[in-house]
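The structure appears below as structure tokens.
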Amino acid sequence: MAPIEGMRVLRVDHTLGDETVTAHGESHLGALVVVDAHAGETPLPLQKVVVRASVTGAACETHVTQVFRNDAASHMSATHLFPLPLDAAVTHMVLKAGDLVVQAETRPKQAAQEEFEQAERTGHRAALMSKEDGSDVHRLQVTNLPPNCDVEVQFTLVQMLKCVDGTLRWRFPTVVAPRYTPKHQSDHQPELPVASDVDGEKRGLPGLPICGTATDAPVAVEWPQPPLRLSGGTRLDLELIVQGAVKTLTCSQHAVSMELGENIVKVRPAGIATLNKDFVVSFSTAASKAIATSAFTNSEYSAVVVQAPASMVEASKLRLRRQAVFIIDISGSMGGSKIETSKRALVSALHALVPGDEFKLIAFDNRLELFERGHLVEYTDANVKRADAWISKLEARGGTEMLPALKEGFNTFSSGGAISRAGSIVSGVVASVMPGGSKPEKSNLPAFRSLLFITDGQSWDEARLVQEVAALRDASRDANGTPPTLFTLGIDTAVNESLLSRLARIGGGVCELATPSDDIEAIIMRMETDFGGSVLQKVEVVGSGLSLPYAALPGTSPGLFVSMNAMELYTGRPLVFLLRGGAGLSQVTVRGIDKNGQLVELMTPVVTVQQSGAASTEALFEHASANYGALFAKQRILYLEDVMMVQPDLSQAAKAEIERLGLEFKLVTSETSKVAVEKSTSVRDQSAPLVHVMQPVELPESWDQGFVAGGVYGAGPARRNRSGLQTDAFICLSGASVPPAMCMAAPPPQCAPAGGMATGEQCKRADVGMPPAKSKKKGGFIGGSGFMSSMGGAVFGARAGRMSAPRYEAARAAAPEGVCYEAPAEDDCEFEAGNALLEQEEAAVKESCFTDSSEASVEAAPKARKRQEKSAPKKTMADAAGELARLQSANGSFDNNSVEATCFAVLALLLLGHTTATGIRQRTVLKAVTWLSSQPSNALIQQTLQALERVEDGEPSVSVCMPVARSALAASAHKSAAVEEVLACVVAQCA
């Protein structure tokens, strides 16, 4: 194998249209180059990724093309590590080189690896796609790329989208974020391909950094973590087609353009997109809004959808008193907007509790921080104020050691009951908080015990965490045998879905994924419905001749089988069972246990789907085009992977079945791979050199560049130049010894210690500094990372240009020691003015292209996208509702038990569309109304409660509440300034 001598960043000289032109004349987005002994400098091989996804009902088929090009003088072998949706099944793959098309075959993993290496030795072009054990990371290798030649690898994946409250979400991940390697992991590292002899040299995985040890860093093992690129990006060409009558559509991380057709919507990025964040689209259709319990079969496979009946949803509002443990990640990767969003989520979840509840707060990096010494404390105003102050001081710093925090959380419940601050065992009560003001009723039922785990999930410790959580949950059962429930909330632009969804599944809860730009308070309020517990437990489907994907393996412990098959049905989150069989089936039975411990049975007729019929756009699951077989196999494989993690002694049996399923359904799994070899022609003489390249990946958007400079992937003083990028950074070469991702044991220093960097011949310094090339277009430039969109002739840059004098002074004042910014030039005034306009236009585009939290009408999108706001956006209705939620006291009142302020808040919330039964602020309204009902009655209280009753009976909130609100404001004694101001603002906007 020819050695890679080094890597450096090409300077961007000027721009042409949507692309950058490097100093060496290559026209593409990538700015990194490979320097090898034979070919000299050449750009990185991955040119672009093309994604074409189509959604019919809830079934999605996605076609992905990765385009590689070798501009070197030597033949090249390239490796690309990338994530895919956890529940997606890779069904097809082809290798294309010009007119040549080679279909991939599915082989056992080791056999596919050997076939690929044989092709590499003999000079044949080949591609190999494999999956890392128990994660969402996939590996694509192409070899023997001839000089000045393109090669395409195309693959197809199928998945069933999840539906929450009538909204479907399609998430396409694009980058493997740096993940932390915890201590004491030597017994839990994934199995990697055996080192093999290629070109006369022993080597293992090409291009993997060998993790070294930083000062006070955890012990590192080898993980499939790709190296980082410090500039540029690989182009993402993406299009999503949604078939059916789309009602609403949002995109949380990209500005998008849409093309509307008859019963079809095409969604694309509005500007340049690269592989630096997940592409997330949420949408609702007529079918998704009307989902109900149903069953379909094509005789060979069946799908059963279980939705909570309305009667059960109503009964679930009887609220158990809660003992809530909140765990928040404050590790280094949470820096920037993520930690602030996480803190807002924690505050929102805390303030949603009610008097009588208890809570515990845990913050972790590679240390634990406990509020009130880790005791459960009562939900009182004094405790909530102290908790708010404690949360506000949290900052991102060290490594992501999740297990100690989870142990601390579960141990809260492990002694037969939760220990309160006073040290006594807490007995359970049931609280029925109703608008009429009834007080909590005592009961012998235990409190509902839950944990909310807020993190970005960036850890390689998946197998151990899943195993430990299963054991901890089992050891924390109460006197009735009920374990606590674990909910996970992932916040990142490139979240680790694999880990967080598995933890929630094993923990009996639900997983919610969010981005830092999402309305996190709305998401927490949505989860609040789940925090009360599931509607049905231990849900199962019974039918003649049906084979469940959760059938137990021989040797499975009874406790494990019950725990892992205890499917939980939550309000608004339908369960989808994919089963084998169904020929001649006319009816299935859905069974479950309700909150009272009673057996519930739902008889459901089965609809037979005609194989020759066209896909229906009017139903979520009734269409013949759905690949039920692959989806069934994928659901079974996910279950088997969970079993391997929770009960390792079953690993061999589970792996054997995964391999059998992979070969039967021709899927890429942890035990099977797809390999395509062009056997007709050898393109490289065996004596000719072969350069091996690991494709570097971008740092996910919103991650702090200082995080990298702090000793993770490099070291040295972090200086900023005109582009806003670090000028003293290191890019690690193939085989270099570097610290593992996120291995800081303390807050990341600006100058990393000597032990935290690659030294000597292992690295070569990379000059990543470049002055921005000013665009001829209005006020911006192309290049860097960040929000980019084309709108009204403007180009939205990444804010990497030179700063104006005010920005410069502010940045310099806030910069840590060792970080400096170049002073602005006199001619930057015009550039800064352009950026100010861009910020306004960017906000307008984000709003009009459905990147905010509100649901926008698709029909209004084209007109909305043409707006260009010339002033800063005003406070929105969602902002007003969130502000009221934050102002509410623990007992439900506002402004220190002010009747007037509490009535103002209820009226404002009613005008904003929130009642005790609708809207994301149901809990806020319910708490306020309960408190008002307990106060001596007066005219304002009566008018407010009557307004609530009329609105909940269906009368328009504006016509009901506006007269009351105006009258109350006119008669106000002005003692509740904050709440009064919110109500006045809402009244003005409603008018």
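The values are calculated or read from the model by the stated rules, or taken from the named source; none is laboratory data. Predicted model only: the values in this text are computed from it and were never measured. Note that we place each Cβ from the backbone using ideal geometry, even for glycine, and neighbour counts take in every protein chain shown. Heavy atoms of the whole protein, side chains included, go into the accessibility calculation; ligands, DNA and RNA do not. Shrake-Rupley method; radii C 1.70, N 1.55, O 1.52, S 1.80 Å.
For segment 476-527, give me the residue count where each residue is assigned to a helix (DSSP H, G or I) and either open to solvent by 10 Å² or more (accessible area, probe 1.4 Å) or under 20 Å from S414 (Cα atoms) (or both).
Applying the first criterion (assigned to a helix (DSSP H, G or I)) to segment 476-527 yields 497-507, 520-527.
Cutting the leftovers down to either open to solvent by 10 Å² or more (accessible area, probe 1.4 Å) or under 20 Å from S414 (Cα atoms) (or both) gives us 497, 501, 503-507, 521-523, 525-526.
Adding up the residues that qualify gives 12.
Which condition from (1) in the same structural domain as G398 (by the TED database); (2) modelled with pLDDT under 90; (3) open to solvent by less than 10 Å² (accessible area, probe 1.4 Å) is the one that F326 breaks?
Tallying (1) in the same structural domain as G398 (by the TED database); (2) modelled with pLDDT under 90; (3) open to solvent by less than 10 Å² (accessible area, probe 1.4 Å), F326 fails exactly one: (2).
Within segment 914-933, which residues are buried (at least 20 other Cβ atoms within 10 Å of the Cβ) and polar (S, T, N, Q)?
Matches in segment 914-933: T915, T916, T924, T930.
If you scan segment 271-290, which residues turn out to be open to solvent by 10 Å² or more (accessible area, probe 1.4 Å), closer than 18 Å to K48 by Cβ and either aliphatic (A, V, I, L, M) or outside the structural domain of T56 (by the TED database) (or both)?
Result: I272, L275.
Could you look through segment 250-270, keep only residues that are at pLDDT 95 or above and of a type in the set (D, E, K, R), and pick out the one that is least open to solvent (accessible area, probe 1.4 Å)?
K266
Has segment 329-345 got any residue that is touching a residue at least 12 places away in the same chain (Cβ under 8 Å) and assigned to a strand (DSSP E or B)?
There is at least one residue in segment 329-345 that is touching a residue at least 12 places away in the same chain (Cβ under 8 Å) and assigned to a strand (DSSP E or B).
Count, please, the residues in segment 93-114 that happen to be in a loop (DSSP other than H, G, I, E, B) and modelled with pLDDT of 95 or more.
So the count comes out to 1.
Does segment 321-340 hold any residues that are within 28 Å of F413 (Cβ to Cβ) and either polar (S, T, N, Q) or in contact with a helix residue (DSSP H, G or I) (Cβ under 8 Å, 6 or more places away or on another chain) (or both), and which are they?
R322, Q323, A324, V325, F326, I327, I328, D329, I330, S331, M334
Working only within segment 31-60, note down all residues that are at pLDDT below 50 and open to solvent by 10 Å² or more (accessible area, probe 1.4 Å).
Listed by number, the residues that qualify are V35, A37, H38, A39, G40, E41.
Quick one: which of T293, T297 is among the polar types (S, T, N, Q) and open to solvent by 10 Å² or more (accessible area, probe 1.4 Å)?
Testing whether each residue is among the polar types (S, T, N, Q) and open to solvent by 10 Å² or more (accessible area, probe 1.4 Å) leaves just T293.
In segment 651-677, how many residues are in contact (Cβ under 8 Å) with a residue 24 or more places away in the chain and open to solvent by 10 Å² or more (accessible area, probe 1.4 Å)? Don't jump to the end; show me each part of the working.
Our first condition is that a residue be in contact (Cβ under 8 Å) with a residue 24 or more places away in the chain; within segment 651-677, this holds for 653-654, 657, 659, 661-677.
Subsequent filtering for residues that are open to solvent by 10 Å² or more (accessible area, probe 1.4 Å) retains 653, 657, 659, 663-666, 671, 677.
Number of matching residues: 9.
Identify, by number, the condition in (1) under 22 Å from H351 (Cβ atoms); (2) out of contact with any helix residue (DSSP H, G or I) (no Cβ under 9 Å at 6 or more places or on another chain) that F487 doesn't meet.
(2)
Being of a type in the set (D, E, K, R), in a strand (DSSP E or B) and out of contact with any Gly (no Cβ under 8 Å at 6 or more places or on another chain), is that true of even one residue in segment 656-664?
no
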